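Some notes on the structure that comes next.
Derivation of every value follows stated rules applied to the coordinates shown; laboratory data play no part. Since the structure is predicted, the reported quantities are computational estimates derived from the model, not experimental observations. When we count neighbours, we look across all protein chains shown, and the Cβ atoms used for this are built from the backbone with ideal geometry, even at glycine.
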Amino acid sequence: MNALAIDRDAWTAAGDAELHDAIELRRAIHMEPELGLHLPKTTEKVLKALEGLPLEIRQGPSTTGVLAILKGSANGRTVLLRGDMDALPLTEDTGLEFSSRTQGAMHACGHDTHVAMLAGAARALCARRDQLPGTVMFMFQPGEEGHHGARFMLNDGLIDPLPDAAFALHVSPNMPTGTFASRPGPLLASSDSIRIRIVGAGGHASMPQDAVDPIPVACEIVTALQAFVTRRVSVFDPAVLTIAHIDAGTTYNIIPEHAIMRGTFRTLSERSRELVRAGVRTVAENIAAAHGCRAEVEIEEGFPVTVNNAAAVRLAEQTAKALYGDSAWHTMENPMMGAEDFSYVLQKAPGAMAFLGAAPVGVGGDYRACCALHSNRMTLDEQVMARGIAMHCAFAEAVLTGGLEG
């Protein structure tokens with residue numbers, strides 16, 4: 001670890017010192033969750049947490065996101081650290097004393113902790129500004145949960161010039177507490193949504209020969225799409241396709257005129273993504289036509305594949321081990337089929353996302369028994385935020401003093 005120019009003792013101490021304020025900020029955000037691209041209450045809390053620090057604040061017209069810029073003692077490299085801010089449309093059922101006060105909204109994906117860790121890192125790095133030979137960007141981003149917030153902040157020109165490296169942490173209740181994990185290459189999948197409307201001809205349920213029933217056509221399309229994925233998409237460049245919702249009809253004795261299907265597909269490369277996109281349309285339209293129906297296919301493009309830069313992952317691994325020992329890092333064997341809009345940042349700059357284990361106490365020591373992300377009963381161990389703060393700081397220092405060469 002001698003090649004890493006990081007001050008281990010300073011950053012672990014900073015993480016511990018910032019923990020109290022991070023917990024307070026996290027709980028304040030948790031109690032007032034907001035959805036989408038416009039999060040005025042959350043943004044206000046972020047700006048208050050950054051108040052008085054030597055930061056340039058940028059905000060754009062498309063979102064309430066914040067880019068805070070710390071200029072160090074020299075005009076060297078630039079590193080971006082990101083934390084997402086938005087919540088999920090869930091009603092919380094955790095019983096926490098700081099539970100959501102907003103019906104139908106909850107921080108069930110840990111974004112409240114991401115914000116708190118990033119604000120803590122901003123304070124810690126500002127305190128050592130004179131020792132930083134470059135610039136740190138702190139990206140407080142709304143709209144990660146399907147709203148393309150990172151893309152909007154990029155398009156607004158907030159992240160200009162682009163950083164030399166970018167880094168993000170995502171907490172996980174289903175990992176050993178305090179450990180970090182990631183992998184080079186694809187980490188998370190692309191995510192696109194499907195809407196297929198099968199148009200037939202309605203009629204009486206007793207006389208199907210005089211109607212064109214869209215329901216069995218829809219069922220056949222579901223089965224055919226699964227066959228398409230297993231037969232046309234390589235197992236070495238996989239895709240996952242799920243039709244999760246079918247809506248048709250009004251009662252038991254009427255054949256409806258149309259059926260609507262909704263679903264999603266995930267891939268780990270743009271090649272498979274394009275193959276599935278074209279295949280969904282081909283399968284649906286031709287099966288519908290074979291039965292005298294019409295298929296209207298809409299595909300809404302979601303997040304691209306989250307691809308980690310190999311050198312950035314190596315640097316993150318070295319940083320985690322330097323801070324907390326070899327056992328603090330785990331290299332993931334496989335990608336996950338969830339999606340992340342930090343992928344937009346990684347399309348523009350080399351970098352990495354890593355996971356931070358945050359399994360709460362009280363589950364018998366088995367992190368696999370914890371409620372997962374996106375559960376309305378998901379809870380986290382707040383103490384791990386100290387490690388997240390230290391990791392942000394140390395990674396930034398490592399980039400500014402050494403780059404991504406190793």
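Worth pointing out:
- Fully extended contour minus Cα-Cα distance, from residue 206 to residue 160, at 0.36 nm per residue: 10.0 nm
- Acute angle (nearest 10 degrees) that the helix 214-232 long axis makes with the longest principal axis of the chain, alpha-carbon atoms: 50
- Between 0 and 90°, nearest 10: helix 310-324 axis offset from the chain longest Cα axis: 50
- At 0.692 mPa s and 37 °C, Stokes diffusion of the stretch 1-143 via Kirkwood alpha-carbon radius, µm² per second: 206
- Scaled radius of gyration (Cα, divided by 2.2 N^0.38 Å) that the stretch 293-406 gives: 1.34
- Two-site FRET efficiency, residue 372 against residue 75, from Cβ-Cβ distance with R₀ of 56 Å, rounded to 0.05: 0.80
- Inter-label distance, nm, simple model (7 Å from Cα along the C-beta direction), residue 51/residue 281: 5.3
- Inter-centroid distance (Cα atoms) of the stretch 87-110 relative to the stretch 272-325, Å: 29
- Largest GNM mean-square fluctuation across 293, 393, 109, computed for the chain with C-alpha springs under 10 Å, falls on 293.
- The gain in end-to-end length when the residue 215 to residue 271 segment is fully stretched comes to 17.0 nm, 0.36 nm per residue minus the alpha carbon separation.
- Phi-derived couplings, Karplus 6.51 cos²θ - 1.76 cosθ + 1.60 at θ = phi - 60°, listed residue by residue for the stretch 18-35: 8, 4, 4, 5, 5, 5, 4, 5, 4, 5, 5, 5, 4, 6, 10, x, 9, 10 Hz, with x used for Gly and Pro.
- Of the GluC sites (Glu not before Pro) in the stretch 1-81, the ones in a loop by DSSP (not H, G, I, E or B) with at most 12 other beta carbons within 10 Å are 51.
- Kirkwood hydrodynamic radius of the stretch 199-247, from the reciprocal of the average inverse Cα-Cα distance over all distinct pairs: 12.9 Å.
- Percent of C-alpha pairs per 20 Å bin in the chain, short distances first: 26, 50, 20, 4, 0.
- The phi-based Karplus calculation (6.51 cos²θ - 1.76 cosθ + 1.60; θ = phi - 60°) puts the 3J(HN,Hα) values of the stretch 79-88 at 10, 10, 10, 10, x, 8, 10, 8, 9, 10 Hz, whole numbers, x for Gly and Pro.
- Cα pair count fraction exceeding 12 Å, expressed as % - the stretch 248-298: 71
- The long axis of helix 40-50 is offset from the longest Cα principal axis of the chain by roughly 20 degrees.
- Set of lysines near residue 71 by C-alpha distance (under 25 Å), chain-local residues within fewer than 8 positions excluded: 45, 48, 348
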